[in-house]
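Written below as structure tokens is the structure these notes are about.
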Amino acid sequence: MTLAYGIDLLDKKILKELALDARLPFAELGRRVGLSPSATAERVRQLESLKVIRGYRAEINLEALGYSITAFVRLTCDGGRYRPFLKFLPTLEPVQECHHLTGGDAFLLKVVLSSVAQLEDLIERLLPYGSPTTSMVLSTPLERKQVVGLLNSL
């Protein structure tokens, strides 16, 4: 059976294993999915070329580095400030994610900072581009970094 992007159930198994441990050697990955190391390597290269696998990253505990504040900032942004904001956005180091939204807010930013003063500075820097509304994260009862659950639905 072929799924989205032309991947099949064997590719799906490979993706699930890599989502759990992206550092698996091809020999071990192949053993888990029933392929030789060379066939596994070829499948992984194909998934990379299709941009199904976009990269491999270390998961870093930002709180251990002193970034103890996570907040979400909703930003309303009228038409004249939209493009200038998009140019300004890459200069904002605390911004981990930015999503363009439907509805009343134009953007949702996930920010990680080391202090409330740093958050206040960020909010002030956003004011020329729109009206920010900020919510600080108290705790995160659920955080999914792996796509294994989503792969089960393919």
Just one listed residue, out of 27, 39, 58, 71, is closer than 30 Å to residue 113 by Cβ, among the hydrophobic types (A, V, I, L, M, F, W, C) and not in a loop (DSSP other than H, G, I, E, B), and it is 71
Would you tally the residues in region 86-108 being hydroxyl-bearing (Ser, Thr, Tyr) and in a loop (DSSP other than H, G, I, E, B)? 1
The condition of being among the β-branched types (Val, Ile, Thr) and in contact with a helix residue (DSSP H, G or I) (Cβ under 8 Å, 6 or more places away or on another chain) holds, among 60, 69, only for 69
Exactly one of 57, 125, 144 is at pLDDT 95 or above and of a type in the set (D, E, K, R), and that one is 125
Looking only at region 84-129, and only at residues there that are exposed (fewer than 14 other Cβ atoms within 10 Å of the Cβ) and polar (S, T, N, Q), the one that is nearest to residue 60 (Cα to Cα): 96
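Just the residues that are in a helix (DSSP H, G or I) and within 17 Å of the chain's Cα centre (by Cα), please, taken from region 109-154. Give the steps one after another, and end with the answer.
Here is the first cut: in region 109-154, the residues in a helix (DSSP H, G or I) are 116-129, 148-152.
Listed by number, the residues that qualify are 148, 149, 150, 151.
The values are calculated or read from the model by the stated rules, or taken from the named source; none is laboratory data. On a predicted model such as this, the values are computed, not experimentally measured, just so you know. With ideal geometry, Cβ positions are generated from the backbone for all residues, glycine too; neighbour counts draw on all protein chains shown.
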